[in-house]
Amino acid sequence: MKKFISTIKNIFSIEDLRVRILNTVGFLIIFRLGSFIVIPGINPEKLVAAGGIFDFINTFLGGSFSRASIFALGIMPYISASIVIQLLTVAVPYFQKLQKEGESGRKRLTQITRVLTIAITAAQGGSYLAATVPADAILYPGIFFNVGAIIILITGTMFCMWLGEKITDKGIGNGISMLIMIGIISRFPASLWYEIVEDKALNGALMSVLEIVALFFVVMAVVALVQATRRIPIQYAKQVVGNKLYGGKRDYIPLKVNASGVMPIIFAQALMFIPSMVAGLWRDSEIGAYIGSTFSDPYSWQYNLLFGLLILIFTFFYTAITVNPNDIADNLKRNGGFIPGIKPGKQTSEFIDQILTKITLPGSIFLAMIAVIPAFAVQAGITPNFAQFYGGTSLLIMVGVILDTLQQIESYLLMRHYEGMMKSGKVKGRSQIAAA
């Protein structure tokens with residue numbers, strides 16, 4: 001405890017770090033306050049709670065989705081636009097060229113992403129008003145309300161995007177991920193209270209303690225998955241420049257066991273809407289009714305089996321488009337590095353590809369297991385709202401963002417020659433591994 005208090009004092013004694021932390025807290029408070037402001041023209045008393053698949057979306061947005069807030073869509077359209085642009089940089093030569101142009105290309109891609117965000121928000125805003133807002137909750141229905149509400153939703157999303165950028169520039173950590181994390185965490189106290197105090201009141205405290213212990217071990221497993229890397233040793237050749245000898249050092253390439261992060265779960269979750277849509281076309285048939293009832297329940301074994309298989313497929317797909325063994329091998333060869341016992345060039349690329357395939361398989365299986373844990377938690381008697389914190393995108397995002405934030409604080413402490421937060425002096429976040 002004494003060391004913890006000393007670390008907190010050291011953190012706030014660094015002026016730059018103290019200002020960044022206070023800025024982050026201030027921006028997050030603004031984001032949370034905005035999530036309670038209802039769109040003008042909607043009666044909040046007649047809104048119904050989001051259920052089924054919409055409850056997952058509501059978790060990421062901190063409840064603003066079900067409240068018909070001006071931040072009802074939050075940062076999700078921007079994330080969708082970013083995913084589309086990222087895929088286009090792999091498949092379309094024009095976007096590949098922009099990606100390689102440095103700062104100017106990055107600014108151009110950012111502008112395209114923002115324009116695409118507006119278009120996606122407009123499309124999703126219309127669907128949101130039609131599918132989730134009851135007709136009797138709209139005070140003055142009509143074209144003027146719909147257009148005005150969509151403009152407000154677009155403005156809210158762009159403001160959330162601006163907040164995320166400000167947190168990144170003047171705060172600490174990745175601003176976009178921070179906004180998602182605070183939305184998820186904001187629902188944790190209420191879910192925990194309902195699970196322990198109200199739902200488990202008849203079963204006693206033993207079951208609540210077991211649930212908390214199980215949650216702790218699940219979080220530790222996710223931390224291990226996020227930080228796990230396979231180090232490939234590399235050797236740099238010695239070079240004589242003038243009268244000095246350079247190179248000859250040993251290093252390593254850190255390949256992450258889960259190089260794709262939460263993206264496979266996001267892609268798989270997006271495709272899980274398709275069975276329900278297909279079932280709607282044959283709603284009068286027995287097959288359509290079966291598909292609709294089965295795949296609209298996120299806790300059924302059929303839903304989770306298909307969900308897990310899609311995660312396995314997308315893990316390999318996303319790893320293949322984000323980690324290029326040929327580029328790694330070319331960079332090593334260009335900088336005079338090589339893997340001991342492996343020839344530079346094609347053989348190095350094939351060796352890295354083999355290692356990547358071997359570590360991606362267990363990583364994808366572990367990722368799929370984490371994604372379907374909430375379904376097992378519900379079957380064990382845990383309430384659905386609290387079960388979402390046992391796995392899936394929510395837990396992976398929270399763990400990843402917290403590790404990134406701790407790594408940022410750790411770097412400030414070590415740079416000012418203070419003792420780090422950990423005994424080892426290292427907190428490995430996602431950004432640190434990516435930089436390596």
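The values are calculated or read from the model by the stated rules, or taken from the named source; none is laboratory data. Keep in mind the model is a prediction, meaning the values are calculated, not measured. Cβ placement follows ideal geometry from the backbone for every residue including glycine, while neighbour counts extend to all protein chains displayed.
Remarks
- Of the residues examined, ALA214 is one that is assigned by TED's automatic domain parsing to the domain that holds ILE359 and either at positive phi or surrounded by fewer than 16 Cβ atoms within 10 Å (Cβ to Cβ) (or both).
- Only one entry of SER349, SER364 meets the criterion of being surrounded by 17 or more Cβ atoms within 10 Å (Cβ to Cβ), polar (S, T, N, Q) and over 27 Å from GLY400 (Cβ atoms), and that entry is SER349.
- Qualifying positions in the stretch 229-251 - surrounded by 13 or more Cβ atoms within 10 Å (Cβ to Cβ) and modelled with pLDDT of 85 or more: THR229, ARG230, ILE232, ILE234
- Residue check, GLY34 of a type in the set (Gly, Ala, Ser) and either within 19 Å of the chain's Cα centre (by Cα) or modelled with pLDDT under 90 (or both): yes
- Checked against the criterion of being touching a strand residue (DSSP E or B) at 6+ places or on another chain (Cβ under 8 Å), in a helix (DSSP H, G or I) and not basic (Lys, Arg), the stretch 155-175 contains one or more residues that satisfy it.
- In the stretch 130-181, the residues that are modelled with pLDDT under 90, within 26 Å of the chain's Cα centre (by Cα), more than 15 Å from ILE29 (Cβ to Cβ) and surrounded by fewer than 20 Cβ atoms within 10 Å (Cβ to Cβ): ALA131, THR132, GLU165, THR168, ASP169
- Of ASN335, ASN324, all but one fail to be exposed (fewer than 13 other Cβ atoms within 10 Å of the Cβ), out of contact with any Ser or Thr (no Cβ under 7 Å at 6 or more places or on another chain), of a type outside the set (A, V, I, L, M) and farther than 21 Å from ILE365 by Cα; the exception is ASN335.
- Among the numbered conditions (1) under 24 Å from LEU210 (Cβ atoms); (2) crowded, with 17+ Cβ neighbours inside 10 Å; (3) at pLDDT 85 or above, the only one that GLN388 does not meet is (3).
- Looking across the stretch 57-112, the residues that are farther than 28 Å from MET398 by Cα, modelled with pLDDT under 85 and charged (D, E, K, R) come down to LYS100, GLU101, GLU103.
- Out of VAL378, VAL323, VAL372, VAL401, one residue alone is in contact with a helix residue (DSSP H, G or I) (Cβ under 9 Å, 6 or more places away or on another chain), of a type in the set (Val, Ile, Thr) and within 30 Å of SER13 (Cα to Cα). It is VAL401.
- Any pair with Cβ under 9 angstrom, 6 or more apart, that starts in the stretch 27-41 at a residue that is in contact (Cβ under 8 Å) with a residue 24 or more places away in the chain and ends at one that is of a type in the set (Val, Ile, Thr) and in a loop (DSSP other than H, G, I, E, B): GLY34/ILE70; SER35/ILE70; ILE37/ILE70; VAL38/ILE70; ILE39/ILE70; ILE39/VAL133; PRO40/ILE70
- Condition check for GLY429: modelled with pLDDT under 75 and over 26 Å from TRP301 (Cβ atoms): yes
- Hits in the stretch 89-138 - residues which are of a type in the set (A, V, I, L, M) and closer than 18 Å to ARG67 by Cβ: LEU129, ALA130, ALA131, VAL133, ALA135, ALA137, ILE138
- Some residue of the stretch 3-10 being modelled with pLDDT under 80, within 25 Å of THR157 (Cβ to Cβ) and buried (at least 16 other Cβ atoms within 10 Å of the Cβ): no
- Top-ranked residue of the stretch 139-154 - restricted to ones that are in a helix (DSSP H, G or I) and in contact (Cβ under 8 Å) with a residue 24 or more places away in the chain, ranked as farthest from ILE409 (Cα to Cα): PHE145
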